[in-house]
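Worksheet: the structure to be examined is printed underneath.
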Amino acid sequence: MPKRGRKRKKNRTHTGDVDNALLSAEEAKIPKSLVIRRGKCDPHVSDLVQDIRKVMMPYTASNFKEDANYRKLTLNKYSQHVCLPLGISHMLAFSQNKEKLNLRIGKTPQGPTLTFRVHQFSLAKHVQKLQRRPVNTNTLASNPPIVVTNNFGDATAPPQVKLMRITFQNMFPAINVSNVKLKECRRVVLFHLIEDENDGQRVEVRHYAIKATPVGVNRKVRRLIQTKIPNLNKVQDIADYIAGSGHAATSVDAASDSEAEDNSAVVELAQNYTGRGNRGQSKSALKLVELGPRMAIQLIKVEQGLGEGNIMFHAFVHKTPEEAKEIQESQEKESRLKRERREQQERNVETKRKGKEEKREAKRQRKKEREEAALDELRKKEEEELEDDNEDDADIDDLLAEYTKKDSDAPGRYGGNVDDEEEEANDDSD
């Protein structure tokens, strides 16, 4: 039978090596984070760690199991054994004692490290419990959030404020405005700096979901567009519900038939957005729904390295330039002595290694000389044995030649010649 149907079209599901190389180069630029807790912490702090991991999704280790009781695992060891092999760029470490809860944000592998004190926090479950219609967060973690830093000043801001703003921005992937898709912009992370004369500078951290609702249509029509089935038990036709005649208004729609959104929140979408009715080139009202968690943090100090090094800023300890210079000189002296001791240790190790190598080489040379001497002795013995064999062979040849000559010159049985004996034998026969 003839073959039926058209020829199968082959779809290439794999990319070439060039595409993979470009993709890996782009992925290497994306910041990745690791959120951990160090030491014994309350259950609420463990829940806060999980909520912060959800905020940092999708480029974070969401199921990382740390050994919180093993205090010897410093930030440097985490960076060396975990962050560098996995390409992690930022670490967020929570630690707690009886009086306070601290958050340390470090840039791997060389720092700097910002230490914050967490004054207040609320978990995501507590925030959502107060909401009438909580947002489903399962579908929001596939794309990174938009970072908003508010009230951090301009170029004249203090260095620690600039460092905070840069650190908060670099913890999340940057947005390329030229090729961004609106469907990927689903969340917002807000860092708001508050200046307080009594408490100093505090940063309020909030996490929101972006919700879009189409505008320009009747509220009841919009409910139908969004597949929200209304209560139609008191109307005869769907037209009565839309027109609002009779007893068509329900308890949900009785308040107002107009749009209640603020005009400042109404935007024209350039692309299609998540949700029914949010089409490109149409107007929609944007609304922020808080997801949690909330945090109120204060910058305590800034260290130059990853959990160590010079203290570049401290909120409570202020030193004069002379004291700072003295401390810096002592640290430089200590680091110089440490470097010299390390270099001396490396030289000693190299000297020992060379001594062992020379000793091993001398031993190898002596063994080689012994083997060569033994081989020479064996060769000498073989040559002597060969000469003795040759001499014996020569003596045997001489003896054989001598016996052969004697046999040829020897007389017959009766003392005469052999010819005479043969003649006598012939005569006897006759």
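State, as an integer percentage, the relative contact order of segment 42-144 based on alpha-carbon contacts under 8 Å between residues 6 or more apart.
Result for segment 42-144 is 26 percent.
Provide the FRET efficiency to the nearest 0.05 for the residue 28-residue 198 pair, computing r from the beta carbons and using R0 = 45 Å.
0.50
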Starting from the Cα-Cα distance between residue 282 and residue 98, subtract it from 0.36 nm times their residue separation and give me the gain in nm to one decimal. 60.8 nm
Can you tell me the accessible area per residue over segment 316-372, all protein chains present, probe 1.4 angstrom, in square angstrom? 101 Å²
Quote the FRET efficiency, to the nearest 0.05, computed for residue 385 versus residue 356 with a Förster distance R0 of 45 Å and r equal to the Cβ-Cβ distance. 0.55
Taking R0 as 56 Å, what's the FRET efficiency between residue 325 and residue 378 from their Cβ-Cβ distance, rounded to 0.05? 0.10
Above-threshold pairs, the threshold being 20 Å between Cα atoms, out of 77/319; 32/65; 32/77; 98/319: 77/319; 98/319
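The values are calculated or read from the model by the stated rules, or taken from the named source; none is laboratory data. The model shown is predicted, which means the values in this text are computed figures rather than measured ones. With ideal geometry, Cβ positions are generated from the backbone for all residues, glycine too; neighbour counts draw on all protein chains shown. The protein model used for the area step is the full one, side chains on, heavy atoms only, and it has no ligands, DNA or RNA in it. Shrake-Rupley method; radii C 1.70, N 1.55, O 1.52, S 1.80 Å.
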